[in-house]
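The values are calculated or read from the model by the stated rules, or taken from the named source; none is laboratory data. Since this is a predicted model, take the numbers as computed values, not measurements. For neighbour counting, all protein chains shown are included, and Cβ atoms are generated from backbone atoms with ideal geometry for every residue, glycine included.
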Amino acid sequence: MVLELRLLTVQDYHRLTEAGILDAEERVELIAGQIVRMAAKETAHSAAVTRVELLLRNCLGHQLLLRLQDPIQLDNYSEPEPDIAVVKLEPRYYEDHHPKPSDVYLVIEVADTTLQRDLKTKALLYAQSGIADYWVLNINDRQLHVLRSPSSSGYQQELILAEAMTVAPIAFPDCAIAVREMLSSVQ
């Protein structure tokens with residue numbers, strides 16, 4: 001038996017929150033028309049997000065916005081909340097809409113317990129929506145996955161950088177960051 005799912009649109013998803021069916025503080029996101037629970041924020045994860053945010057702010061200044069764990073609307077059925085999204089400046093700071101793929105320079109997910117979801121499910125969604133630069137910081141293996149060249153079948157290029165290597169966003173090639181700086185110091 002094949003089940004037919006009714007996929008939620010972004011508008012449906014927002015109405016569920018407005019109606020109080022979903023708590024605004026609940027850790028969920030809309031992925032391919034389905035409400036998906038987000039992993040709890042562990043301390044190592046939160047610290048890595050903070051480190052990467054500071055590195056990007058120091059390197060990029062105020063020429064763009066850094067959104068932390070805030071939604072981006074990929075299409076009518078997906079509104080993920082990446083750990084970091086580097087987006088274009090918008091005069092109203094996206095007050096009346098969430099950034100769309102054309103507004104996004106770089107998306108970064110920090111993975112401690114979500115590596116496979118970030119590298120498979122989310123990578124495919126980001127690629128299909130044309131996000132040119134997607135990074136997954138694997139804090140357990142101390143690596144950075146850099147995914148580029150998006151297509152409808154996924155990213156065509158994936159580099160796995162060791163902590164001794166550096167990387168720069170496609171849109172900001174002068175902003176070189178050492179992978180080691182994104183990670184905790186080894187105990």
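Scanning the stretch 113-122 for residues that are in contact (Cβ under 8 Å) with a residue 24 or more places away in the chain, more than 15 Å from Ile84 (Cβ to Cβ) and either surrounded by fewer than 17 Cβ atoms within 10 Å (Cβ to Cβ) or within 9 Å of the chain's Cα centre (by Cα) (or both) gives Thr113, Thr121.
Pairing residues of the stretch 41-67 that are over 18 Å from Val107 (Cβ atoms) and touching a residue at least 12 places away in the same chain (Cβ under 8 Å) with residues that are aromatic (Phe, Trp, Tyr) and outside any helix (DSSP H, G or I), at Cβ distances under 7 Å and at least 6 apart in sequence or on separate chains, gives no pairs at all. Determine which member of the set Leu64, Leu30, Leu55, Leu22 is in contact with a helix residue (DSSP H, G or I) (Cβ under 7 Å, 6 or more places away or on another chain), closer than 28 Å to Val179 by Cα and among the hydrophobic types (A, V, I, L, M, F, W, C). After applying the criteria, what remains is Leu55.
Applying the criterion of being more than 14 Å from Cys59 (Cα to Cα), among the small types (Gly, Ala, Ser) and touching a residue at least 24 places away in the same chain (Cβ under 8 Å) to the residues of the stretch 154-187, the residue that is surrounded by the fewest Cβ atoms within 10 Å (Cβ to Cβ) is Ser184. Residues in the stretch 20-36 include none that are surrounded by 14 or more Cβ atoms within 10 Å (Cβ to Cβ) and within 22 Å of Leu144 (Cα to Cα).
Against the condition crowded, with 18+ Cβ neighbours inside 10 Å and either out of contact with any strand residue (DSSP E or B) (no Cβ under 9 Å at 6 or more places or on another chain) or part of a helix (DSSP H, G or I) (or both), how does Tyr13 come out, does it pass?
Yes: the conditions hold for Tyr13.
One residue alone among Ala44, Ala40 is of a type outside the set (Ser, Thr, Tyr), assigned to a helix (DSSP H, G or I), on the phi < 0 side of the Ramachandran plot and modelled with pLDDT under 90, and that residue is Ala44.
The set of residues in the stretch 97-117 being part of a strand (DSSP E or B) and either in contact with a Pro (Cβ under 9 Å, 6 or more places away or on another chain) or of a type in the set (Val, Ile, Thr) (or both) consists of Val104, Tyr105, Leu106, Val107, Ile108, Glu109, Val110.
The set of residues in the stretch 123-138 being surrounded by fewer than 21 Cβ atoms within 10 Å (Cβ to Cβ), among the aliphatic types (A, V, I, L, M) and either modelled with pLDDT under 95 or assigned to a helix (DSSP H, G or I) (or both) consists of Leu124, Leu125. Number of residues in the stretch 153-174 that are under 14 Å from Ile108 (Cβ atoms) and assigned to a loop (DSSP other than H, G, I, E, B) equals 5. All conditions in (1) under 12 Å from the mean Cα position of the chain (by Cα); (2) hydrophobic (A, V, I, L, M, F, W, C); (3) under 22 Å from Thr50 (Cβ atoms) hold for Ile131, with the sole exception of (3).
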